[in-house]
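The values are calculated or read from the model by the stated rules, or taken from the named source; none is laboratory data. Because the structure is a prediction, the values reported are computed rather than measured. Positions of Cβ are generated from backbone atoms using ideal geometry, with glycine treated the same way; all protein chains shown enter the neighbour counts.
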Amino acid sequence: MANAQQSGSGYGWRVVVPATSANLGCAFDCGGLALQLYLRAFFTADDRAALTLEYQGETPERFPFDESNLILQALRFAADQLHAPAPRGRVTVQSAIPIGVGLGSSAAAVVAGLLLGTRYAGAEVVPEELLHWAAQIEGHLDNAAAAYHGGLVFALSSGLERVVTFRTKFPETIKSVIVTPEATVSTHESRKALPETYSREDVLHVTQRLAAFAATCFSGDFAVIPEFFDDRLHQPYRQKLVPGMERCLRLRHPGLLGVAISGSGSSVIAFVQERETEIAEKLRQIFAEDGQKTTSRITPADNNGAWVSREPVRIVQATQELENRK
């Protein structure tokens, strides 16, 4: 088997997966955008050792080391699906994606584990199958599809036996300003805030904006306007979970194309053509007025998606040691 051949060979597999922002205002549960923030993981297979995990990166207090860890779950899932022995060895993770704030940390972990698992099993898996596995493990197909493919991705799987995705590159001239308050919102809490039913008027309101948003992006014009982010399906309910968020969504400013809740929160994402530092400070000020300390990030979209490679262990270890000294 592939893992037995690689054990002790001095080689392992490196995977790099981007962060993502899903929902994007009107694209509730169907659209996601990859960002230039990355989770990096390296897996060295070793039959003689138990499967262990190391982590360095953002929000380390939220990173699980037990069986709930999604990288390990996905790695084992892929190995099992491909009839490879249970993986053993070491997984080392470095991540610039904060956990649990609406930037796709769970999806990045799942995609990373699945890509490592397929390489460990010595197999190639088509994107549709890998994303179907991701949906089974974690459920957030919009994030997983954007993390895997890069760019702006719309995905559907509900009621289907397969995954269907549509992708376009997103211009790096449109920057994403991400402001994250200290307050966190669990996925369970954010889902619980949503109503059981919606009015026809509200559904039509969102459908019109989603169609126009997708049309301008896939045409290549990217004529993004604030009205695209005027959602009525999830943001009116989730904005109440974090003080200051409602006012952030209403912000208008020169150079600002629109503001949305990133994923289910607690971060907000603003799409900006210019004055990104000024807009980041405006959003932070709004949160501060409601007693929320924040961090901000400014990043373009990632149009490359996830990738995995086979590399010598000694080179990866040297790179990690250099990063640790910074």
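I need the full set of residues from segment 22-42 which are assigned to a strand (DSSP E or B) and farther than 16 Å from Phe170 by Cα, in order please.
Passing the criteria: Phe28, Asp29, Cys30, Tyr38, Leu39, Arg40, Ala41, Phe42.
Hey, can you tell me all the residues within segment 219-250 that are of a type in the set (Val, Ile, Thr) and within 20 Å of Cys30 (Cβ to Cβ)?
Val224, Ile225 - these are the residues of segment 219-250 that are of a type in the set (Val, Ile, Thr) and within 20 Å of Cys30 (Cβ to Cβ).
Select, from His188, His205, the only residue that is exposed (fewer than 15 other Cβ atoms within 10 Å of the Cβ) and assigned to a helix (DSSP H, G or I).
His188
Inside segment 286-313, can you point out the residues that are more than 21 Å from the chain's Cα centre (by Cα) and either outside the structural domain of Ser262 (by TED's automatic domain parsing) or surrounded by 15 or more Cβ atoms within 10 Å (Cβ to Cβ) (or both)?
Once the filter is applied, which keeps residues that are more than 21 Å from the chain's Cα centre (by Cα) and either outside the structural domain of Ser262 (by TED's automatic domain parsing) or surrounded by 15 or more Cβ atoms within 10 Å (Cβ to Cβ) (or both), segment 286-313 yields Ile286, Phe287, Asp290, Gln292, Arg310, Glu311, Pro312, Val313.
Answer yes or no as to whether Phe77 is aromatic (Phe, Trp, Tyr), in contact with a Phe, Trp or Tyr (Cβ under 9 Å, 6 or more places away or on another chain) and either farther than 30 Å from Arg297 by Cβ or surrounded by 17 or more Cβ atoms within 10 Å (Cβ to Cβ) (or both).
yes
List pairs: first residue in segment 166-185 and more than 29 Å from Ala288 (Cα to Cα), second residue acidic (Asp, Glu) and crowded, with 16+ Cβ neighbours inside 10 Å anywhere in the structure, Cβ distance under 8 angstrom, at least six positions apart or on different chains.
Going by the 8 Å Cβ cut-off, there are no qualifying pairs.
Look at Phe222 and say whether it is in a helix (DSSP H, G or I), of a type in the set (Phe, Trp, Tyr), under 24 Å from Leu37 (Cβ atoms) and not assigned by TED's automatic domain parsing to the domain that holds Cys26.
So Phe222 fails the test.
Quick one: how many residues across segment 139-156 are out of contact with any Lys or Arg (no Cβ under 8 Å at 6 or more places or on another chain), farther than 13 Å from Ala22 by Cα and crowded, with 19+ Cβ neighbours inside 10 Å?
The total comes to 1.
Of the conditions (1) over 19 Å from Arg191 (Cα atoms); (2) in a loop (DSSP other than H, G, I, E, B), Gly265 clears all except one; give me its number.
Failed condition: (1).
Conditions tested, residue by residue: (1) within 18 Å of Ala108 (Cα to Cα); (2) small (Gly, Ala, Ser).
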{"position": "Phe43", "(1), (2)": "yes, no"}
{"position": "Arg48", "(1), (2)": "no, no"}
{"position": "Leu51", "(1), (2)": "no, no"}
{"position": "Gln56", "(1), (2)": "yes, no"}
{"position": "Pro60", "(1), (2)": "yes, no"}
{"position": "Phe65", "(1), (2)": "yes, no"}
{"position": "Ile71", "(1), (2)": "yes, no"}
{"position": "Ala74", "(1), (2)": "yes, yes"}
{"position": "Asp80", "(1), (2)": "no, no"}
